[in-house]
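A.B. asks: Quick one: the structure is below, questions incoming.
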Amino acid sequence: MLERNERLNKEIKDLEKQVRDGKLPQDSLSAIASRTKQNSIKGVNAYGILAVIKPADKSTYKNLVDVFDELNVCNAATYALVKPAAWEVDAMKNAPQ
């Protein structure tokens, strides 16, 4: 995910550097980073990661927290937690172990 999201990661790191250099106020970083992430998934030339998380019945709270942590590390533009479709549940049950 880091490689796929390289462009957005660079933009966020540049914003963080601007805050460290005093070019941007610290309290504006979150809002600007959020706007940058949202803009990265809009339009024809979208480049940000949009992740869809579909936990299985055996998923634990810790599994979800780990996924969300990883998405934050990778600066995923946005994500959605959705219930898997019936056919996806069947596919997971029938998948080789």
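A.B. asks: Tell me yes or no: at least one residue of region 67-76 is under 18 Å from the mean Cα position of the chain (by Cα), modelled with pLDDT of 90 or more and acidic (Asp, Glu).
C.D. replies: yes
A.B. asks: For region 54-66, which positions are in a helix (DSSP H, G or I) and either within 23 Å of Leu8 (Cβ to Cβ) or charged (D, E, K, R) (or both)?
C.D. replies: Lys62, Leu64, Val65, Asp66
A.B. asks: While we're on this one: Name the single residue, out of those in region 48-59 being at pLDDT 90 or above and closer than 20 Å to Leu2 by Cα, that is surrounded by the most Cβ atoms within 10 Å (Cβ to Cβ).
C.D. replies: If we take residues in region 48-59 being at pLDDT 90 or above and closer than 20 Å to Leu2 by Cα, then Ala51 is surrounded by the most Cβ atoms within 10 Å (Cβ to Cβ).
A.B. asks: Considering Val67, Val44, which residue is free of Cβ contacts under 8 Å to residues at least 24 places away in the same chain, among the β-branched types (Val, Ile, Thr), at negative phi and surrounded by 10 or more Cβ atoms within 10 Å (Cβ to Cβ)?
C.D. replies: Only one candidate passes the filter, namely Val67.
A.B. asks: Also, quick follow-up: Restricted to region 1-53, and to residues that are assigned to a loop (DSSP other than H, G, I, E, B) and touching a Leu at 6+ places or on another chain (Cβ under 9 Å), which residue is nearest to Leu81 (Cα to Cα)?
C.D. replies: Residue satisfying both the conditions and the ranking: Ile49.
The values are calculated or read from the model by the stated rules, or taken from the named source; none is laboratory data. Bear in mind that the values here come from a model prediction, so they are computed numbers and not experimental data. Glycine also receives a Cβ, built like all others from the backbone with ideal geometry; neighbour counts cover every protein chain displayed.
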